[in-house]
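So the structure is just underneath, and the comments pick up after that.
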Amino acid sequence: MPTATVAPARRVRGRLTVPGDKSIAHRYALLAALAEGRTTLTHFAPGADCRSTLACLRGLGVAVDEGADGTVTLLGRGFGQLRSPAGPLDAGNSGTTMRLLAGILAAQPFPTTMIGDASLSRRPMRRVIAPLERMGARFEATDGHPPLIIHGTRLRAIAHEPQTPSAQVKSAVLLAGLHADGTTSVLEPAATRDHTERALAAFGGRADAAGLKVSVTGGQRLQGRELYVPGDFSSAAFWLVAAAALPGSRVEVEDVGLNPTRTALLGILERFGARVHVEVTTSAAGEPRGIVTVEGDRTGTLDIAPEEVPGLIDELPAIAALAAHGGQVTVRGAGELRVKESDRITALVAGFRGLGINADERPDGFVIAGPAAGATRPSGGRADARGDHRMAMAFAIAALAAEHPSTIDGADVVAISYPGFFATLERLVNPAAALGAS
Ligand code: S3P
């Protein structure tokens, strides 16, 4: 299990871009498969998760060509034209792949088996199985967990009201709805990322949103497109947090996705005491993108309320790292973190304690409160990523604030969403050396 060593740093400084957005890339690839004609996706997300989506699509007969420059070309098959796969489709570590694809497979006239790695095999799937069964499909699962055997059929439209806000569930139902007779709607308890809705419009389709309700009508036709995947805000989050947590830092992330359903972190960083500047430079396919600059000024106290959680769900591990060397971060109403790639509440608290940071677990959240009593900086130490990319990155950012170097076990898991993470960390910590080396 490869480890990474993270040395203490006083500050981070630099200008960078981040890899393509994982959530958007999954959706573009899936819709490209259902569209007619060729789709070219530039700046495609390079992590293993989106590779899993591409591999599953190949299994369904979609021609996918991955260029060395991050461009992916897909030849759409059109609705109803996917091919019965020769074996199980492997979603790897990717919940988005399994849940969104389940929505599409529920409508195919053949059974499909979907499998995943050990982490994905522990994640709850009833949240997609229940609505898709109401639409007419039949599922076999083990106590609501993968592997899933999906018996697709002709679907009927439903009105779904999930109990828990989830863009994956919303998207699975909408993707199934595209194949159903009639109009399918999802009424969410809180707003979640709306990339599926925006992507659908980009492919010439339509989703109608009214408040927290979104509807699609079956029988639409989608057209292949040339699309650009903006930088992943959730990857940028780690650098923005590092800049906010270490006074004297300045980080500028260019070409990063600024869809407002993803950027709640920016307000949180301001509340913590950082200076934040945002400039939307362009918008394509309904997705704004631009430049975010964060300068660290002082450490503060943050209380993240339950209603803020859906807008911050993937940023909470990074937000925890804000309080690594001072201040305090309390998160409530985030029980969903327990069913992510790891139990992120237990994993975060264990890892932060291993680095010498005060951390307490709550049933639905955590409290992180700087170095252990009497110390001005955390000691540093050892933290286990527990197979979770966002844990590895949160621990790396927290470790910057430490007195001594720290070891992160299983750090190579960053490749799920951010293969170049540690090289970029090195450059931001040590900009002069990086300049000299180039
Ligand atoms: C995602 C939705 C979120 C998020 C995940 C990506 C998506 O999951 O945590 O990383 O792309 O739709 P939930 O839908 O389970 O909240």
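The values are calculated or read from the model by the stated rules, or taken from the named source; none is laboratory data. All values derive from a computational prediction rather than experimental measurement. Cβ atoms come from the backbone with ideal geometry, glycine included; neighbour counts cover every protein chain shown.
Things to note:
- Residue that is within 21 Å of the chain's Cα centre (by Cα) and under 19 Å from residue 195 (Cα atoms), where the choices are 222, 322, 240, 312: 312
- No other residue among 199, 237, 207 is assigned by TED's automatic domain parsing to the domain that holds residue 32, of a type in the set (Gly, Ala, Ser), within 16 Å of the ligand (Cβ to nearest atom) and in contact with an Asp or Glu (Cβ under 6 Å, 6 or more places away or on another chain) apart from 207.
- Residue within the stretch 334-356 that is part of a strand (DSSP E or B), among the aliphatic types (A, V, I, L, M), more than 16 Å from the ligand (Cβ to nearest atom) and in contact with a strand residue (DSSP E or B) (Cβ under 9 Å, 6 or more places away or on another chain) present: no
- Test: residue 221 is within 22 Å of residue 110 (Cα to Cα), touching a strand residue (DSSP E or B) at 6+ places or on another chain (Cβ under 9 Å) and assigned to a loop (DSSP other than H, G, I, E, B): yes
- Scope the stretch 287-333; condition out of contact with any strand residue (DSSP E or B) (no Cβ under 8 Å at 6 or more places or on another chain), among the charged types (D, E, K, R) and within 16 Å of the ligand (Cβ to nearest atom); matching residues: 307, 308, 314, 315
- Residue 192 being among the β-branched types (Val, Ile, Thr), buried (at least 22 other Cβ atoms within 10 Å of the Cβ) and in a loop (DSSP other than H, G, I, E, B): yes
- Strands (runs of 3 or more DSSP E) lying entirely in the stretch 60-122 (those with 3 or more residues that are within 19 Å of residue 146 (Cα to Cα)): 111-115
- For the stretch 89-106, taking the residues that are within 14 Å of the ligand (Cβ to nearest atom) and of a type in the set (Val, Ile, Thr), the one that is farthest from residue 76 (Cα to Cα) is identified as 96.
- Residue check, residue 119 closer than 21 Å to residue 170 by Cβ and either within 17 Å of the chain's Cα centre (by Cα) or modelled with pLDDT under 95 (or both): no
- Residue count for the stretch 249-263 under the criterion of being surrounded by fewer than 20 Cβ atoms within 10 Å (Cβ to Cβ), more than 13 Å from the chain's Cα centre (by Cα) and in a loop (DSSP other than H, G, I, E, B): the result is 1.
- Hits in the stretch 294-309 (condition: over 23 Å from the mean Cα position of the chain (by Cα) and either part of a strand (DSSP E or B) or surrounded by fewer than 19 Cβ atoms within 10 Å (Cβ to Cβ) (or both)): 295, 297, 298, 300, 301
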